[in-house]
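The values are calculated or read from the model by the stated rules, or taken from the named source; none is laboratory data. Keep in mind that this is a model prediction, so the values were computed, not measured. Neighbour counts are summed over all protein chains in view; Cβ atoms, including those assigned to glycine, are modelled from backbone coordinates with ideal geometry.
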Amino acid sequence: MADQGGFHAIWTGEHHGMDFTIAPNPFINIADLARRTKNVRLGTGTVVAPFWHPIKLAGEAAMTDIISDGRLDVGIARGAYNFEYQRLAGGMDAMTAGSHMREMVPALKGLWAGDYAHDGKHWKFPSTTSSPKPLQQPHVPLWVAARDPMSHDFAVSNGCHVQVTPLHMGDAEVEVLMGRFKDASLAHPEIAQRKIMLLMHGFVGADAADCQKAADDLRRFYCYFAAWFKNDRPIHQALIQELSEAEMAAMPQYNTAEMLKNTVTGTPDQVIKRLKTYEALGYDEFSLWIDSGMTTARKKQSLQRFIDHVIPAFR
């Protein structure tokens, strides 16, 4: 639907051991999408740097770029879940994971250029060339998932585009994140202008009642997101222990009213108006975060309204 409906790109992430988000290798998903689509770019949003070796990531990404006829974008992040760090990265913390991400970016560029040796904090290897090399030259476009000012500065100074998400925090955070990107861009005038993409949950509803139901679905999603993030509940068969209504009510920051206010949920006209404000702030792309726990049928209904009513307002 997105490919035929005028979307620019489709992004998919990486997570392990969690039925909350099933995505063990984004390159497998992208290779599958490449044969089903012809127009959209296909991106990793995102690979988790500490779970990869640079040589392996460079090669898999390059092969995927070839398979997709040069439509790949690679987004890289430090990761988010302590649950995953405990299982794949020896229990590291987010700061250590961030240093993996900052070491990964120049290593990827070097491997794609060829005859690159690396002597870093996390990885060391002799002269190596990615086999294969990517179809796109000089390399696959790189995106960095950024939140704090240091991450924005790193991304821009290394010639990477930036992905940001305010999660549940709404428009105030949208403005803060754009401010950090602009500060980083001003600090590095020698770097050609990078793009910034805003990722937010959203739903295009048929009417107010439809939007209210979507907001309640997103309330549940964020309550479970917080539970996974805290990593203090029992997990069985990759599912976290169910939250009671009382437990979810004890998280008022995710209540239905907050979700209506802080996500791009509304009728087509309301969604268009909101996206126009983000465009005016300077965002280059908006990514509709569709992973929400809603049924596939409801996701399709929202996506079709986005295609029919929202996209034409931005052509």
Turns out the strands (runs of 3 or more DSSP E) fully within the range 68-153 with at least 2 residues that are in contact (Cβ under 8 Å) with a residue 40 or more places away in the chain and of a type outside the set (Lys, Arg) are 72-77, 124-128, 142-145
Listed residues 62, 58, 49; which is closer than 21 Å to residue 87 by Cα and surrounded by 20 or more Cβ atoms within 10 Å (Cβ to Cβ)?
49
For the range 147-203, enumerate the residues that are under 22 Å from residue 271 (Cβ atoms) and among the aromatic types (Phe, Trp, Tyr).
203
Of the conditions (1) over 18 Å from the mean Cα position of the chain (by Cα); (2) part of a strand (DSSP E or B), residue 43 satisfies every one except a single condition; which number is it?
(1)
Could you list, ordered by first residue, the pairs with Cβ atoms under 7 Å in which the first is in the range 48-60 and acidic (Asp, Glu) and the second is in a helix (DSSP H, G or I), at least 6 apart or interchain?
60/27
Exactly one of 30, 55 is farther than 22 Å from residue 157 by Cα, of a type in the set (A, V, I, L, M), at pLDDT 95 or above and more than 20 Å from the chain's Cα centre (by Cα), and that residue is 55
Just a yes or no: is a residue in the range 6-22 without any contact (Cβ under 8 Å) to a residue 24 or more places away in the chain, more than 20 Å from residue 200 (Cβ to Cβ) and acidic (Asp, Glu)?
no
Set 19, 65, 32: member being among the charged types (D, E, K, R), part of a loop (DSSP other than H, G, I, E, B) and out of contact with any helix residue (DSSP H, G or I) (no Cβ under 7 Å at 6 or more places or on another chain)
19
Identify, please: which residue in the range 118-160 is β-branched (Val, Ile, Thr) and under 21 Å from residue 285 (Cα atoms) and is, among those, surrounded by the fewest Cβ atoms within 10 Å (Cβ to Cβ)?
140
